[in-house]
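The values are calculated or read from the model by the stated rules, or taken from the named source; none is laboratory data. Note that this is a predicted model, so its numbers are computed, not measured. FYI the Cβ positions are ideal-geometry reconstructions off the backbone, even for glycines, and counts take in every protein chain you see.
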Ligand SMILES: Cc1ncc(COP(=O)(O)O)c(C=O)c1O
């Protein structure tokens, strides 16, 4: 009789993992306060400036500017750092499309560098190799909530006089060498979109220690206005990318829950790191003493199929899901392999004029390996489970490994 649930065996578990977002009376009361006050957004706002302040302080930064999404925050941070149309911006391709999309939306050119095989983070050596006289900025993505190697990236950027922007969309509370991410470079952005560790449905923020950069960001976010100037005078190009009071009220309530949730995720992740590492072929992302806090938006796993009879990542994920573990394949395409980049269709009705690199012929081996073969994700809500939930995850991996012949036998019968 077959053992694996994917082949009709009994699954390791059938109960769901914690649902997301977690919300209670605090969110409800905060939203009611705003509704009653009639102050729902700029220029009558209280929650937004208060949240900006609290968030910046929490992340060891001097300034915070809320935006209506992580994408618009990234556009604001890049623009405020001086990125202009035609400039080149270096970034990883193992990221969400928005990291590159923000660059394109400013008329600049994304230049993709490779990632480190052990962390899935931007590789400073590859960044160095991609710098040209047109490069003006580098975007470090703290993928999964674990800080990228900011020491090496910062020294490359300082030496080459490039702006360093952190895409910390997934990295609330993450630290590099005991300092929270976001203002380790020139500026950093966070996202409050639905899946994120703190959410208001949509939203984002830029943080920075640079007062001038903060002023540019605020102006970009607020239709090119300047504070203390007349409402209908516009000094820079910008848009309405503002967050509403209703969103900031929800964020304030979510923020209170965060330190405790972060602790639970970290405790569970430590257990998974220790137990999964005992299974040959399952490699949690490199533990590094410089990463003094990991936000664990994702628990990232490197799957080595050679230890699993060559069974593909997709087939393993399917088997895990059947065992009741909602494992996720993550980004299955590097950003440069997305149709929009292969075809370079950056204008709605055809190609843009700017000569973009031939993304379709680009190959970054570690990035492609992470996408197609190795990267398996467990999302942050899973890490909010109880100890026995984590034991089930380990159990499911072990069960699949012990019965791997059931999947390799089936290899010829179904596409992997
Ligand atoms: C790495 C990364 N960068 C940027 C973004 C964009 O954030 P948003 O969806 O809030 O625009 C996201 C989130 O979805 C992300 O995961």
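Summary table
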{"read-out": "Members of segment 1-17 that are surrounded by 16 or more Cβ atoms within 10 Å (Cβ to Cβ) and within 27 Å of the chain's Cα centre (by Cα)", "value": "17"}
{"read-out": "Enumeration of residues in segment 138-171 that are more than 23 Å from residue 217 (Cα to Cα) and surrounded by fewer than 24 Cβ atoms within 10 Å (Cβ to Cβ)", "value": "149, 151, 152, 155, 156, 159, 160"}
{"read-out": "Segment 84-98: number of residues that are in contact with a helix residue (DSSP H, G or I) (Cβ under 9 Å, 6 or more places away or on another chain) and either within 13 Å of the ligand (Cβ to nearest atom) or at pLDDT below 95 (or both)", "value": "8"}
{"read-out": "Residues of segment 138-151 satisfying the condition of being part of a loop (DSSP other than H, G, I, E, B) and within 16 Å of the ligand (Cβ to nearest atom)", "value": "142, 146, 147, 148"}
{"read-out": "Some residue of segment 255-277 being touching a helix residue (DSSP H, G or I) at 6+ places or on another chain (Cβ under 8 Å), part of a loop (DSSP other than H, G, I, E, B), buried (at least 17 other Cβ atoms within 10 Å of the Cβ) and modelled with pLDDT of 95 or more", "value": "no"}
{"read-out": "Any hit, segment 152-165, residues being closer than 15 Å to residue 71 by Cα and within 16 Å of the ligand (Cβ to nearest atom)", "value": "yes"}
{"read-out": "Selected residue (only one of 240, 222 is surrounded by fewer than 18 Cβ atoms within 10 Å (Cβ to Cβ), in contact (Cβ under 8 Å) with a residue 12 or more places away in the chain and within 29 Å of the chain's Cα centre (by Cα))", "value": "240"}
{"read-out": "Residues of segment 379-401 satisfying the condition of being under 10 Å from residue 268 (Cα atoms) and touching a strand residue (DSSP E or B) at 6+ places or on another chain (Cβ under 9 Å)", "value": "382, 383"}
{"read-out": "Restricting segment 166-183 to residues that are in a strand (DSSP E or B) and away from the ligand (no atom under 16 Å from the Cβ), the residue that is farthest from residue 266 (Cα to Cα)", "value": "179"}
{"read-out": "Subset of segment 195-231 [away from the ligand (no atom under 13 Å from the Cβ), more than 20 Å from residue 43 (Cβ to Cβ) and in contact with a helix residue (DSSP H, G or I) (Cβ under 7 Å, 6 or more places away or on another chain)]", "value": "207, 208, 213"}
{"read-out": "Hits in segment 329-339 - residues which are touching a residue at least 40 places away in the same chain (Cβ under 8 Å) and surrounded by fewer than 17 Cβ atoms within 10 Å (Cβ to Cβ)", "value": "329, 332, 338"}
{"read-out": "Leading residue by the ranking (nearest to residue 254 (Cα to Cα)) among those in segment 184-194 that are near the ligand (Cβ under 7 Å from one of its atoms) and part of a loop (DSSP other than H, G, I, E, B)", "value": "192"}
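Residue-wise test of (1) away from the ligand (no atom under 13 Å from the Cβ); (2) assigned by TED's automatic domain parsing to the domain that holds residue 198; (3) in a loop (DSSP other than H, G, I, E, B); (4) modelled with pLDDT of 95 or more.
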{"position": "36", "(1), (2), (3), (4)": "yes, yes, no, yes"}
{"position": "48", "(1), (2), (3), (4)": "yes, yes, no, yes"}
{"position": "54", "(1), (2), (3), (4)": "yes, yes, no, yes"}
{"position": "79", "(1), (2), (3), (4)": "yes, yes, no, yes"}
{"position": "82", "(1), (2), (3), (4)": "yes, yes, yes, yes"}
{"position": "100", "(1), (2), (3), (4)": "no, yes, no, yes"}
